[in-house]
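For reference, the structure is listed below as structure tokens.
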Amino acid sequence: MSSAIRVRADAIFERSSPYEGQGLRNHCLRLHRLTSMLLDRDGLPLDGDLLYLAAMLHDLGLVVADVDGDSYLARSQALFRRETADLGLDPGQTAAIDECLLYNHRVRPVPGVCAEAERFRQAVWIEHSRGLLRFGLDRGAVRQVFAELPRDNLDRVLLDFTRRVLAAEPGTLINGIFF
């Protein structure tokens, strides 16, 4: 059964994603599953519905035009805040999701971020390495996630993402991914 937050996440994704195919959707779903596996393994609390919402919105800052932010990461955060303003979320959970959205593409761990956001970042790198990096997760379990949620047209989506970043905000490659 889907919660109201998951239904909202799916609606936001459908309304915001300009891409055909299942590539971006499956990318987000894999990120949710991989993060959940890391959090469960380490006994870290993060509301599963909010994690789902963060995973579904984490890249949408690249394609939405109606939120402000100096990078796609900040726009994804702004989209999350706008879309959840009416939910009365716990400030601690909101802070963790903010960190997930702002730091998920960092190559290296970010000092001072919460453990949940670090697991979200690790899941992004499991995803982008196609499972070569696993951060201690079982190889078979990671492979199963990729098998159940195929890449479809994700390479085409990522190429468009790269084009968008290089054209509109190349500084994000340094101030957002590397630092």
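The values are calculated or read from the model by the stated rules, or taken from the named source; none is laboratory data. Quick caveat, the model's predicted, so the values are computed rather than measured. Positions of Cβ are generated from backbone atoms using ideal geometry, with glycine treated the same way; all protein chains shown enter the neighbour counts.
Residues in the range 64-103 that are touching a Ser or Thr at 6+ places or on another chain (Cβ under 6 Å) and modelled with pLDDT under 95: Val64, Ser71.
Which of the numbered conditions does Arg33 fail, given that it passes all the others? Conditions: (1) free of Cβ contacts under 8 Å to residues at least 60 places away in the same chain; (2) not in a loop (DSSP other than H, G, I, E, B). The failed condition is (1). Only residues that are modelled with pLDDT under 85, β-branched (Val, Ile, Thr) and surrounded by fewer than 17 Cβ atoms within 10 Å (Cβ to Cβ) were counted in the range 147-179, giving 2.
Name every residue in the range 144-153 that is hydrophobic (A, V, I, L, M, F, W, C) and more than 16 Å from Leu132 (Cβ to Cβ), in order of residue number. Of everything in the range 144-153, just one residue is hydrophobic (A, V, I, L, M, F, W, C) and more than 16 Å from Leu132 (Cβ to Cβ), namely Leu149. For the residues Asp49, Asp68, the requirement of being assigned to a helix (DSSP H, G or I) and surrounded by fewer than 19 Cβ atoms within 10 Å (Cβ to Cβ) singles out Asp49.
Here the range 36-75 is the region considered, the condition is being among the hydroxyl-bearing types (Ser, Thr, Tyr) and touching a residue at least 24 places away in the same chain (Cβ under 8 Å), and the residue that is nearest to Leu149 (Cα to Cα) is Tyr52.
Kindly check whether there is at least one residue in the range 81-91 that is touching a residue at least 40 places away in the same chain (Cβ under 8 Å), within 29 Å of Val142 (Cα to Cα) and out of contact with any His (no Cβ under 8 Å at 6 or more places or on another chain). The answer is no; no qualifying residue exists.
Summed over the range 104-146, the residues that are surrounded by fewer than 20 Cβ atoms within 10 Å (Cβ to Cβ), part of a helix (DSSP H, G or I), out of contact with any Phe, Trp or Tyr (no Cβ under 8 Å at 6 or more places or on another chain) and modelled with pLDDT of 95 or more give a count of 7.
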